[in-house]
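One structure is given here, and the rest of the page talks about it.
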Amino acid sequence: MASDMCALGCVAAIVFTSFGASYGTAKSSIGAFSAGVLRPDLGIYMLLPTVFSGILAIYGLIASVIIANHIRVQLSLYTALVNLGTGLAVGLCGLAAGFTLGIAGDAGVRSLAQQPRMFVSMVLILIFGEVLGECILSTSEPR
């Protein structure tokens, strides 16, 4: 029973961050293609939100590998619940970060097509959205 809770933590970390990465990639890619019609010369700059969104899935993979290394046959319920909480925290923060990157990336690349000087502002907003997923990964080390 306790090892199943750890396995659920692994599943939650990878599934929710993958959902967030998928949403962020899809939403920001739609904006990039729409904005690319106006300014095809800025195509590489418009792919940045899509790359940032893809990194979220890597955070979930890292967290699930860390949690999987703690799965044992005999495991206390406390440790199992901490691992489940870690997986849920990383996964749900990755999901929220994916929503953030998708929506901000879509708006960012559309504004970049109209005013290329908005690139630095867009990158800063995307970094703040990405940090949401990265910080929870670094602070939620399972026991």
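The values are calculated or read from the model by the stated rules, or taken from the named source; none is laboratory data. Note that the structure is a prediction, hence the values are computed from the model and not measured. No Cβ is skipped: glycine too gets one built from the backbone with ideal geometry, and neighbour counts run over all protein chains shown. Note: areas computed on protein heavy atoms with side chains; ligands, DNA, RNA excluded. Shrake-Rupley method; radii C 1.70, N 1.55, O 1.52, S 1.80 Å.
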Taking the conditions exactly as written (closer than 30 Å to P116 by Cβ, in contact (Cβ under 8 Å) with a residue 60 or more places away in the chain and in contact with a Leu (Cβ under 8 Å, 6 or more places away or on another chain)), does L101 satisfy them or not?
yes
Which one of these does A57 not meet: (1) open to solvent by 60 Å² or more (accessible area, probe 1.4 Å); (2) out of contact with any Leu (no Cβ under 8 Å at 6 or more places or on another chain)?
(1)
For the structure I just gave you, tell me whether S29 is open to solvent by less than 40 Å² (accessible area, probe 1.4 Å) and not hydrophobic (A, V, I, L, M, F, W, C).
yes
Among the candidates L48, L88, L42, single out the residue that is at pLDDT below 90 and touching a Phe, Trp or Tyr at 6+ places or on another chain (Cβ under 9 Å).
L42
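Consider A63 carefully, then state whether it is within 14 Å of A12 (Cα to Cα) and in contact with a Cys (Cβ under 7 Å, 6 or more places away or on another chain).
no
Taking the condition more than 18 Å from T17 (Cα to Cα), open to solvent by less than 40 Å² (accessible area, probe 1.4 Å) and at pLDDT 90 or above, does S121 pass?
Spelling it out, it is not the case that S121 is more than 18 Å from T17 (Cα to Cα), open to solvent by less than 40 Å² (accessible area, probe 1.4 Å) and at pLDDT 90 or above.
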Any residue that is surrounded by 14 or more Cβ atoms within 10 Å (Cβ to Cβ), within 30 Å of L38 (Cβ to Cβ), touching a residue at least 12 places away in the same chain (Cβ under 8 Å) and hydrophobic (A, V, I, L, M, F, W, C) - is there at least one of those in segment 65-81?
no
Looking at segment 98-118, is at least one residue modelled with pLDDT under 90, charged (D, E, K, R) and either under 17 Å from G24 (Cβ atoms) or in contact with a Gly (Cβ under 6 Å, 6 or more places away or on another chain) (or both)?
no
Scan segment 6-20 and report the pairs whose first residue is open to solvent by less than 10 Å² (accessible area, probe 1.4 Å) and whose second residue is part of a helix (DSSP H, G or I) and hydroxyl-bearing (S, T, Y), with Cβ atoms within less than 6 Å and a gap of 6+ or a chain change.
G9/T86; A13/S64; T17/Y59
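Scan L42, L84, L75, L88 and give me the residue that is in contact with a Gly (Cβ under 6 Å, 6 or more places away or on another chain) and of a type outside the set (G, A, S).
After applying the criteria, what remains is L84.
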Here the residues within segment 84-116 that are among the polar types (S, T, N, Q) and under 19 Å from the mean Cα position of the chain (by Cα) are T86, T100
Please determine whether any residue of segment 33-50 is under 20 Å from E134 (Cβ atoms), open to solvent by 20 Å² or more (accessible area, probe 1.4 Å) and among the β-branched types (V, I, T).
yes
